[in-house]
1. Scan the stretch 284-319 residue by residue and report those that are away from the ligand (no atom under 16 Å from the Cβ) and of a type in the set (Gly, Ala, Ser).
2. Considering only residues that are within 11 Å of the ligand (Cβ to nearest atom) and more than 21 Å from Val19 (Cα to Cα), which ones fall in the stretch 371-396?
3. If you take the residues in the stretch 381-415 that are surrounded by fewer than 23 Cβ atoms within 10 Å (Cβ to Cβ) and out of contact with any helix residue (DSSP H, G or I) (no Cβ under 9 Å at 6 or more places or on another chain), which one is farthest from Leu10 (Cα to Cα)?
4. Name the single residue that is nearest to Gly334 (Cα to Cα) among those in the stretch 259-309 being among the small types (Gly, Ala, Ser) and at pLDDT below 95.
5. Any residue in the stretch 403-427 that is under 16 Å from Gln292 (Cβ atoms) and polar (S, T, N, Q) sitting within a Cβ distance under 7 Å of a residue that is in a helix (DSSP H, G or I) and modelled with pLDDT of 95 or more? List the pairs, counting only those 6 or more apart or interchain.
6. What number of residues within the stretch 326-336 are free of Cβ contacts under 8 Å to residues at least 60 places away in the same chain and out of contact with any Asp or Glu (no Cβ under 9 Å at 6 or more places or on another chain)?
7. Please specify each residue of the stretch 508-520 satisfying the condition of being closer than 16 Å to Thr431 by Cα and either of a type outside the set (Asp, Glu) or assigned to a strand (DSSP E or B) (or both).
8. Just give me the residues in the stretch 535-563 being in contact with a strand residue (DSSP E or B) (Cβ under 7 Å, 6 or more places away or on another chain) and polar (S, T, N, Q), in sequence order.
Amino acid sequence: MPNETQDSYLPHPAFAANVNLKNQDEVYRHAAADLEGFWAERAREYEWFKPWDKVLDESNKPFFKWFVGGQVNIAHNCLDRHIKTSRRNKLALIWEGEKGDLRTFSYHALNREVCMFANILRSMGVKKGDRVTIYMGRIPELPIAMLACAKIGAVHSVVYGGFSVEALHGRIEDSQSNVVITCDGGWMNGKVVELKKIVDEALKRCAMIEHVIVVRRTGQEVQMEAGRDYWYHELMVLPIARGNSGGNRCETEVMDAEDPLFLLYTSGTTGKPKAIMHTHGGYMVGVATTLQWVFDLKEEDRWWCTADPGWITGHSYMVYGPLLLGVTSFMYEGAPTYPYPNRWWSMVERYGINILYTAPTAIRGLMRFGEAWPNRHDLSGLRLLGSVGEPINPEAWRWYHRVIGKERCPIMDTWWQTETGMFMITPLPLTELKPGSATRPFPGIEVEVVDEAGKVVPVGEEGYLVVKRPWPGMLRTIYNDPERYVKQYWSKYPGYYFTGDSARRDADGYIWIIGRVDDVIKVSGYRLGTAEIESALVSHPAVAEAAAIALPHEVKGQAIHTYVMLKSGQQPSEELAAELIKHVGHEMGPIAKPEKVTFVPQLPKTRSGKIMRRVLKARAQGLPEGDISTLEE
Ligand code: PRX
């Protein structure tokens, strides 16, 4: 949790002189005075097959609609639009593999590959509205697969490659996908992650998958099931990849602005992850506008978002945002410290990265290795830095600012969520910065900090963060569960979007995010639900009941601590604890492995049987237990 800091930073004059958006205050004013006019003006920057009739439709709250009646396709705006211009031969993507292999794609080349793969998907019967699960390592075929889906109107559901069997199975089944796109394996920290093997195991638990398309990356042997599994490289040389009109062209599907673009599963309060649904039109406008203004992108910039496409940051600001703006993105496959802790800095230098957008956990992790590693590299190309995923502690902020940004580069601390789709609270390049604060809401966004009853809390006091007005990049629903959408986000404070975060506002109106108020844990910036970890534990035959809580961790921000009640006849032991940790890793993925398993004879519960994680947390930290009047005897 960041402490409120006293120091503040104005942009370096040399930087400020070249910022695109000089009239920040005017932009805030315009958006506040005319929300629809503001977003309409932004939307007109992109190509629409048919213009919208209405910018914002609030007739069926909270099922807001944006750019109603408009027809568009985000993939058209990411690719087709640029290849008609001088951007055609500009690099869209530079990719480096963990072992140092390099691949580059111009806009023309990326479009060609996307068209071919879209033709393949169409030939397999994938059509508008069908769901496709993508489960891959960080390689170019991942954005290619996402864009190919978008192009033909299919709805992609990317599952992070660090998730494992049960997490993947649940997401395939819930989305009712018929096709899975994966790779044989991925490189991470010098080791192969056996992605295809995990897919095989997940598919044993669900039957509806018709086709599995496998990209060859690592080259290790994998099982290919005849009639179900196909190699990507074999499909891509088939005549069908050339499309009906030949020339590797593929017609882009005309979509309604409100048609779904993707589902992205995220953790909430129950064991079942929810499929957040985003659309073609509003999401496109929101993501492109925020990226363009917050990170001051210029035609010649090289942008690096270090996220994984398996999370919202990767969707919005690694794949769609940069392509919408026609900039050059860099993407790296592997671990930040492989083979040495200078890997990132070496790539920043070698590829001339101008803007780096990463997570506090990565900064803290790299900080541990000392300044000598970055100092060996010429980082003078960097112009702007960014942070996302969790509150950044002022110490890490200052290190990032001084050692990486050489006190020249402002840090854009962007607060947002899978659900918001786009930055919500963030500085603009000329904003005065305070380490640890995401500063102010983006133009057109209105937030408030309220108490339990919905009353605005006084300056400096902690409260719940809510959003007061709809925004174009907002989630439209939870796929298959509109009631949960209403209940989760719009019921606590009717009319307001409930973020699940607590925050404070200071006397200057700056927002300081404190953290989640629900059962969501942020481990190294990755969002996990305590309930999912608990259900993974309970799926082990020795476990009767389990509780998971988050405790502070120096590098990861939060770490998972679990309390396990064994079934009768089972004996606690160190071996069993290790086995349980491994079991969670197998079911959920390595990121969800508990830091610690503690065996307990009983779990603290309310009389109605709900586990009181708050009590466990207080006990673990030696803090007061608070109100325990509902605790069972
Ligand atoms: O608690 C907030 C934290 O991450 C949550 C959203 O997680 P997720 O949906 O995985 O999206 C992460 C990437 C956008 C939020 O509810 N969070 C995100 N960014 C920040 C943050 N907390 C503080 N400062 C941030 N900049």
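1. Of everything in the stretch 284-319, just one residue is away from the ligand (no atom under 16 Å from the Cβ) and of a type in the set (Gly, Ala, Ser), namely Ala288.
2. Passing the criteria: Val388, Gly389, Glu390, Pro391, Ile392, Asn393.
3. Filtering first and then ranking leaves Pro394.
4. Across the stretch 259-309, the extreme among qualifying residues is Ser267.
5. Pairs found: Thr414/Val294; Thr426/Val294.
6. 1
7. Of everything in the stretch 508-520, those that are closer than 16 Å to Thr431 by Cα and either of a type outside the set (Asp, Glu) or assigned to a strand (DSSP E or B) (or both) turn out to be Gly509, Tyr510, Ile511, Trp512.
8. Selection gives Gln558, Thr562.
The values are calculated or read from the model by the stated rules, or taken from the named source; none is laboratory data. This structure is a prediction, so every number in the text was calculated from the model and none was measured. Reconstructed Cβ throughout: ideal geometry from the backbone, glycine too, with neighbour counts over all protein chains shown.
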